[in-house]
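Student: Mind having a look at this structure? Questions to follow.
The values are calculated or read from the model by the stated rules, or taken from the named source; none is laboratory data. Small disclaimer: the values here were computed from a predicted structure and weren't measured. Cβ sites come from the backbone with ideal geometry, for glycine too, and all protein chains shown count toward neighbours.
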Amino acid sequence: MPKQETERIALTETVYYILLSLHEPMHGYKIMQHVKQLSRDRVSLGAGTLYGAISTLLDKQWIQMLPNVQDDRKKEYVITSLGISIIKHEILRLEELIANGKKYYE
Amino acid sequence: MSEGILMKHVVWKWFINVEKEEKWLNLMADKGFQLTSFRFGRYVFNQDKENQYTYKIDLLKQPLHYPKGKAYLAFLAEQQVEYICHSMQWIYVRQIKSNEPFQLYTDITSTIEYTKRIQTFYIMLACAMLVIGISTFTTIISLFTASSSSSNAMAMINVTLGSILIMLSFLFLVNSISYSKLIKKLEKEILIRS
């Protein structure tokens with residue numbers, strides 16, 4: 001992964017929660033439910049928003065589509081090793097934000 | 001104007017604003033009229049008061065018969081979003097009402113992309129109508145120079161038609177300006193929050 005890319009990335013809330021959800025294989029509807037549960041009902045993903053984000057993440061190879069093993073027509077996605085590196089960098093960035101925030105306003 | 005009173009209900013109506021069209025479809029649904037098809041101002045509804053739906057109109061990036069268009073519809077179906085019909089790249093979808101509001105775009109980035117697609121559509125429509133309207137006017141000159149009674153009548157028809165098209169083009173242009181304002185507002189928002 002190019003160094004520049006990891007340094008500049010600040011993920012949107014939508015992408016952050018999708019990547020967190022895809023620590024295990026999930027299809028679109030389950031991602032929506034999981035994000036809602038993780039954010040305690042604060043973040044709801046619309047189908048159009050989720051589709052756009054999934055398409056971009058597939059293009060960037062941060063997530064991958066799993067081959068359909070079951071008869072179920074729903075497509076499942078999972079995070080890739082590149083996606084894991086990205087989210088780990090984002091967690092570090094968020095930790096820095098929180099630490100600095102607490103230093104001045106707590 | 002409506003035909004039929006029992007199951008099938010046809011309404012002829014034209015909108016130049018997609019939000020107003022969506023609002024009207026949901027008002028119809030609340031009255032028990034569920035959309036089944038739409039083409040060039042002709043809305044066909046079925047009477048169904050048992051199921052309650054929320055309707056949404058979406059504008060695809062690519063035509064429906066393209067692989068990406070088909071893939072998007074398949075994705076929507078997986079999320080319990082039912083495709084009803086389409087007109088050009090506009091699709092009409094619905095979802096059974098629940099405690100959750102039915103929304104297709106829920107973050108700023110995707111809302112901006114969707115709004116830009118709508119704005120481009122209206123600009124292209126305005127340009128097309130302006131070109132046709134102006135070309136209709138230019139034919140008037142040749143008809144008036146012919147100066148027979150039949151050519152004068154044709155000229156009058158062309159004046160009316162040309163004026164309507166230019167007026168419509170102006171309306172669509174005004175519409176696209178309102179979308180520009182919305183896009184600018186959302187782009188300012190994205191600078192301070194994502």
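Student: If you take just the helices (runs of 4 or more DSSP H) that sit entirely in the range A:9-106, which of them hold at least 1 residues that are at the interface with another protein chain (Cβ under 10 Å from one of its Cβ atoms) and free of Cβ contacts under 8 Å to residues at least 24 places away in the same chain?
Tutor: Helices (runs of 4 or more DSSP H) meeting the threshold: A:28-38, A:47-59.
Student: If you don't mind, there's one more thing I want to ask. Spot the failing condition for residue B:95; the list is (1) of a type in the set (S, T, N, Q); (2) away from chain A (no Cβ under 14 Å); (3) under 21 Å from residue A:28 (Cα atoms), and only one is missed.
Tutor: Status for residue B:95: all satisfied but (2).
Student: While we're on this one: For the range B:10-48, name all the residues that are assigned to a loop (DSSP other than H, G, I, E, B) and of a type in the set (S, T, N, Q).
Tutor: B:17, the sole residue that qualifies.
Student: Another question, if that's okay. So residue B:67 fits all but one of (1) more than 27 Å from residue A:55 (Cβ to Cβ); (2) without any contact (Cβ under 8 Å) to a residue 24 or more places away in the chain; what number is the exception?
Tutor: So residue B:67 meets the others, but not (1).
Student: Something else about it: Would you point out the residue of the range B:54-81, among those that are part of a strand (DSSP E or B) and of a type outside the set (Asp, Glu), that is surrounded by the fewest Cβ atoms within 10 Å (Cβ to Cβ)?
Tutor: Among them, the one singled out is B:59.
Student: If I ask for residues that are modelled with pLDDT of 95 or more, polar (S, T, N, Q) and closer than 14 Å to residue A:13 by Cα, which ones from the range A:40-68 would you list?
Tutor: A:49
Student: Continuing with this model, one more query. How about the range B:82-113: which of its residues are polar (S, T, N, Q), closer than 30 Å to residue A:10 by Cα and outside any loop (DSSP other than H, G, I, E, B)?
Tutor: Result: B:109, B:110, B:111.
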